[in-house]
Amino acid sequence: MAVVVPTIMVETLEQFQEASERVAPFARRIHIDISDGEFAPTFLLPENQLYWPPEWEIDIHAMVARPSEHLADLIAMKPSLIIVHAEVKEDVASLIMQIKEAGIKAGIALLKSTVPSTVSEAILIADHVMIFSGELGKFGGTASMMQLEKVRLVKAINAHAEIGWDGGVNIENAYTLTQGGVDVLNSGGVIATAQNPAETYQSLVREINKHGVI
């Protein structure tokens with residue numbers, strides 16, 4: 001069953017506290033972005049300042065140029081999932097194995113220009129593959145629905161991988177995304193900027209669970 005996962009993407013500890021308090025009443029699986037200002041153009045709150053309630057299931061999206069420099073700290077925090085980018089200049093398959101050997105699920109994120117077949121070795125051993133349709137380090141992007149074709153290509157390589165989507169999720173496209181094979185809708189701006197985030201979250205949940213009409 002597909003799930004809606006609120007995204008926290010902040011630059012300061014105060015913003016992190018505020019964002020956490022906004023989603024705490026209704027969500028338990030949370031997607032947290034970190035960025036080094038190099039791979040993505042924004043410096044986000046570093047991993048050594050992150051914290052969360054023990055009942056939360058945390059996905060860490062590492063928008064960093066050298067994940068190897070961050071892995072030890074991230075693994076020590078024991079999130080549920082760590083996602084690294086296919087486009088980094090490191091051995092992504094090796095990074096994935098390091099994460100999995102620590103008993104943590106490992107994911108790989110694909111930017112819009114990345115063709116799944118070019119990183120098939122990493123996809124084959126990943127627990128999660130995230131189709132990235134937005135702009136690195138920014139909320140409020142537009143979903144590029146053409147990226148949905150990647151779901152089929154990824155599944156042809158690893159039929160068991162959980163499929164995530166990041167970028168432009170909203171009420172208008174949530175159902176189409178899940179019907180296209182997306183399991184995890186990482187929802188950033190649509191929830192973060194909502195006047196009533198809980199209501200927006202529940203609307204997205206209802207949308208992905210509705211029954212299609214022929």
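For the chain, build the convex hull from the C-alpha positions and give me its volume per residue in Å³.
Details: hull volume 24.7 nm³, N = 214.
Residue-normalised Cα hull volume stands at 115 Å³.
How about segment 1-84: which GluC sites (Glu not before Pro) there are in a DSSP loop, with at most 15 other Cβ atoms within 10 Å of their Cβ? Don't skip to the end; give the middle numbers.
On the way: sites: Glu11, Glu14, Glu18, Glu21, Glu38, Glu47, Glu55, Glu57, Glu69; in loops: Glu11, Glu38, Glu55.
Here the sparse-neighbourhood loop sites are Glu11, Glu38, Glu55.
How high is the relative contact order of segment 3-208, given as a whole-number percent (alpha carbon pairs under 8 Å, six or more residues apart)? Don't jump to the answer; show the numbers that get you there.
Details: 404 pairs, mean separation 39.0, N = 206.
Relative contact order, segment 3-208: 19 percent.
Any idea which of Ala126, Leu148, Val23 is furthest toward the positive side of the dipole for segment 3-208, if Lys and Arg beta-carbons carry +1 and Asp and Glu beta-carbons -1?
The residue sitting farthest along the positive end of the dipole is Leu148.
How far apart, in nm, are two points set 7 Å out from the Cα along the Cα-to-Cβ line at Ala156 and at Ala76?
Taking the two extended label points, one gets 4.3 nm.
Could you pull out which residues in segment 16-34 have an amide N less than 11 Å from a spot 7 Å beyond the Cα of Ala194, following the Cα-Cβ vector?
Inside the label zone: 23, 26-27.
May I ask for the Rg/Rh ratio of segment 96-194, computed from Cα atoms with Rh as the Kirkwood radius, given to two decimals? Mind showing how you got there, number by number?
On the way: Rg = 13.4 Å, Rh = 13.8 Å.
Here the Rg-to-Rh quotient is 0.97.
Residue separation times 0.36 nm, minus the C-alpha to C-alpha distance between Glu90 and Ile171: what's the value? Let's see the in-between values first.
Numbers: separation 81, 0.36 × 81 = 29.16 nm, distance 3.65 nm.
Taking 0.36 nm per residue and subtracting the Cα distance, the gain is 25.5 nm.
Name the residue farthest towards the positive end of the dipole of the chain from the options Ala76, His211, Ala65, assuming +1 on Cβ of Lys and Arg, -1 on Cβ of Asp and Glu, about the Cα centre.
Final value for the positive-end residue is His211.
Give the total of Lys-Lys pairs in the chain with Cα-Cα distances below 18 Å; include a pair only if its members are 8 or more places apart or on different chains.
On the way: Lys78/Lys100; Lys78/Lys105; Lys89/Lys112; Lys105/Lys155; Lys112/Lys138; Lys112/Lys150; Lys112/Lys155.
Pairs that pass both the separation and distance tests number 7.
Please say if segment 160-214 is rounded, prolate or oblate, where rounded means a/c under 1.5 for a ≥ b ≥ c the square roots of the C-alpha gyration tensor eigenvalues, and otherwise the choice is prolate for a/b larger than b/c and oblate otherwise? Don't jump to the answer; show the numbers that get you there.
On the way: a/c = 2.23, a/b = 1.31, b/c = 1.70.
In terms of gyration-tensor shape, oblate.
Only Cα pairs within less than 10 Å get springs; with that Gaussian network setup on the chain, which residue of Gly168, Gly103, Gly181 has the largest fluctuation?
Maximum fluctuation in the GNM of the chain, among the listed residues, is at Gly103.
How large is the helix-only mean residue ellipticity at 222 nm for the chain, computed as the sum of -39500 (n - 2.57) over DSSP H runs with n ≥ 4, divided by its residue count, in deg cm²/dmol to the nearest 500? Spell out each step's value before the answer.
Details: 8 runs with 64 residues, N = 214.
Rounded to the nearest 500, it is -8000 deg cm²/dmol.
What longest region of the chain stays clear of trypsin sites (Lys or Arg not before Pro) that DSSP places outside H, G, I, E and B and that have at most 14 other Cβ atoms within 10 Å? Intermediate values should be presented prior to the final figure.
Details: sites that count: Arg28, Lys89, Lys112, Lys138, Lys210.
No qualifying site falls inside 139-209, the longest such stretch.
Every number in this text was worked out from the coordinates using simple rules, so none of it is lab data. Every value quoted in this text rests on a predicted model; they were computed, and no experiment measured them. Reconstructed Cβ throughout: ideal geometry from the backbone, glycine too, with neighbour counts over all protein chains shown.
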